[in-house]
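Quick notes on the structure that follows.
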C-alpha cells in the first residue's frame, strides 16, 4: 500500500502574492509556537485570512493584503477585532506600509518567511468568545483533515 501525500490547495480566491505572504506568515507563527489555519469562517459571517492559536489560548487574526488596491477595496477588517486578542496585517515588502492602520500589528512576508515590524495592541477576548473561537478553530481543522483523508465522503 502506498502512502498518499496530502496537499492543501488554494480555493481560488487568493492571488499568488497573497498565498506567498500567507505561507511566510504561517512559517513565522509556527516558529513562535502558534498553530494556524487559513480562511476560517467567523461567527459574524466574515472569513479571516489566517487565525493563529497559541499554547496559552491566545488568538491572533492576520489579514493579508497583497497590494494597495486590495486594502482600499476591503474595509471589513475592523470586524475581525471582536474575534481575536490581536489583529495583524501581513503584506509583501513592496506594498506601502503607511496605508495600513497604526492600531493593528504589521508583518512583512514573502513565501519563505516573515518579520513583525509592529506588534499589535492586545484586546483580550471575553471567555465565552475565546471558547467559541477555539471550538471553531478545532472543528475547522478537524473537518479539513477529514476532507483530505476522505475526499469522496461528499459524494455519498
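Taking the 0 to 90 degree range and rounding to the nearest ten, how far is the long axis of helix 127-149 tilted relative to the main principal axis of the chain, both from C-alpha atoms?
It is inclined by approximately 50 degrees.
What area, in nm² and to one decimal, does the C-alpha convex hull of segment 16-148 cast on average over all directions?
On the way: hull surface 31.5 nm².
Here the figure is 7.9 nm², rounded to one decimal.
Quick check: pseudo-label points 7 Å beyond the Cα along Cα→Cβ at residue 93 and residue 111, how many nm apart are they?
Placing both labels 7 Å along Cα→Cβ, they lie 1.5 nm apart.
In nm, to one decimal, how far is the residue 103 label point from the residue 134 one, both placed 7 Å along Cα→Cβ?
Roughly 2.8 nm, to one decimal.
For an R0 of 25 angstrom, estimate the FRET efficiency from the Cβ-Cβ distance between residue 153 and residue 47 and round to the nearest 0.05.
Efficiency for this residue pair is about 0.65.
Between segment 11-74 and segment 102-124, what is the C-alpha centre distance in whole Å?
Between the Cα centres of segment 11-74 and segment 102-124 lies a distance of 11 Å.
What is the helix-to-structure angle for 16-31, meaning the angle in degrees between its Cα long axis and the longest Cα principal axis of the chain, kept from 0 to 90 and rounded to the nearest 10?
Tilt of helix 16-31: around 90 degrees.
Coordinate-derived values only; no laboratory data. Nothing here was measured: the structure is a model prediction, and the numbers come from that model. Glycine also receives a Cβ, built like all others from the backbone with ideal geometry; neighbour counts cover every protein chain displayed.
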